[in-house]
Amino acid sequence: MRGEIGDYVAVVRQSHGGRDWLLAVLTDKTGRKLDQALSFLTPGANHVAKPCTLAI
């Protein structure tokens with residue numbers, strides 16, 4: 001978990017059962033680029049990202 005109060009937060013957690021990883025990033029109205037290490041993923045495995053955007 002990392003972030004800046006009032007700016008953004010990034011959270012990574014493993015699903016129940018340990019098969020899937022969930023990565024969520026929430027930000028304010030300011031666009032930004034965040035680099036997130038993915039070393040927790042199994043090397044050589046097929047990984048699928050399902051990006052979504054929610055505007056309030």
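Every number in this text was worked out from the coordinates using simple rules, so none of it is lab data. Since this is a predicted model, take the numbers as computed values, not measurements. Don't worry about glycine lacking a Cβ; one is built from the backbone with ideal geometry, like all the others, and counts go over all protein chains shown.
Filtering the stretch 1-42 to residues that are under 18 Å from Thr53 (Cβ atoms), free of Cβ contacts under 8 Å to residues at least 24 places away in the same chain and not in a loop (DSSP other than H, G, I, E, B) leaves Val9, Val11, Leu22, Leu23, Ala24, Val25, Leu26, Thr27. In the stretch 22-56, which residues are surrounded by 10 or more Cβ atoms within 10 Å (Cβ to Cβ) and of a type in the set (Asp, Glu)? Answer for the stretch 22-56, where residues must be surrounded by 10 or more Cβ atoms within 10 Å (Cβ to Cβ) and of a type in the set (Asp, Glu): just Asp28.
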